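The values are calculated or read from the model by the stated rules, or taken from the named source; none is laboratory data. Since we're looking at a predicted model, the values are computed, not measured. A quick note on method: Cβ atoms are made from the backbone with ideal geometry, for glycine too, and the neighbour counts reach across all protein chains shown. These accessible areas exclude ligands, DNA and RNA; they are computed on the full protein's heavy atoms, side chains included. Shrake-Rupley method; radii C 1.70, N 1.55, O 1.52, S 1.80 Å.
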Amino acid sequence: LMAALVLGERRGLNYSQRQLFIDSGTAHLFAISGLHIGMVAGMLFLLIRLLILFVLYVPAFKQVQAFICRVSPLRIALMSSWLGCVGYASLAGFSLSTQRALIMLSVVYLACALHQRVFSMHSFTSALVLVLLIHPAAILGPGLWLSFSAVAWIAYILHVLPDQLANWKKLLFIQLLLPLCLWPIVQLYFGSSATLGALANIVLIPLMSFVLLPLCLLASCLETFFPLSNLWLHHIVELIYQSV
């Protein structure tokens, strides 16, 4: 399960497990796409920002401090996070969904580095054009339509929600509305399982985004550097999976 969640490697899942995710319309959670790339990007960006903050307050790193101030802490964090995501995408096999997510992330990071609006139409269309230039046949599959429709709906929902609304409430609205907004596309491509999938995703996507996937990524990193030191994380992941 952890290999499937982190790297999209599903050979360890048995037939009943695979069929369960297909029947519930949640098999897409095992495709390394925007959810995974975005999570890795966010975790790396936060880690690099904390590291830069530490370096800036330690007098022994004066030369490094001068370099950081000259280049900009934000741009260093963005570039480091982007390089880490490229490495992660290569480990995941650079599938079409992974490449698409990496292209979209690159456009968003470039917009941030240039101090442009992240959800502007320019960023959205630039990502779409780049994806179609690299993979023209992607327009025939559901992945492109689901990815860009999801981004467009998120931008629209954030636009219509009141600015004074708390961030956690905005996030809750997005999680509740997004599966319903994408339901017509899912129904068109996947058929009868779409209704169940829309309902299941309302619960599973937040669970994946904020609990299961971060735990699996953390467990994988710890296992790489400190073997057998994270068995407790494996037990937590197993308990969550069994309860779902």
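In table form, for the structure just shown:
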{"quantity": "Structure-derived Rg and Dmax of the Cα atoms in Å - corresponding label in (1) 19.3, 62; (2) 34.0, 128; (3) 17.5, 52", "calculated": "(1)"}
{"quantity": "Charge sum, other residues only, whose C-beta stays under 10 Å from A4's C-beta, Lys/Arg counted +1 and Asp/Glu -1", "calculated": "+2"}
{"quantity": "Listed residues A150, A66, A27, most fluctuating in the chain (Gaussian network, C-alpha, under 10 Å)", "calculated": "A66"}
{"quantity": "Dimensions (Å) - segment 101-141, Cα atoms, principal axes, largest first", "calculated": "33, 17, 13"}
{"quantity": "Area of H28 that stays accessible when all protein chains are in place (1.4 Å probe, Å², to 10)", "calculated": "90 Å²"}
{"quantity": "Relative intensity, log₁₀ I(q)/I(0), of segment 3-47 from a Debye sum that treats every alpha carbon as a point, q = 0.16, 0.20, 0.26, 0.29 Å⁻¹", "calculated": "-0.49, -0.66, -0.90, -1.01"}
{"quantity": "Relative pair counts by distance (%), Cα atoms of segment 1-80, 5 Å bins", "calculated": "3, 14, 17, 14, 10, 8, 8, 9, 7, 5, 4, 1"}
{"quantity": "W232 - accessible surface, heavy atoms, 1.4 Å probe, Å² rounded to 10", "calculated": "140 Å²"}
{"quantity": "Rounded accessible area of C221 (nearest 10 Å², 1.4 Å probe)", "calculated": "80 Å²"}
{"quantity": "Surface share of carbon and sulfur [accessible, 1.4 angstrom probe, percent] for the chain", "calculated": "73 percent"}
{"quantity": "Where segment 1-112 is the region considered: accessible area per residue in Å², 1.4 Å probe", "calculated": "55 Å²"}
{"quantity": "List T224, T98, ordered by accessible area with a 1.4 Å probe, largest first", "calculated": "T224, T98"}
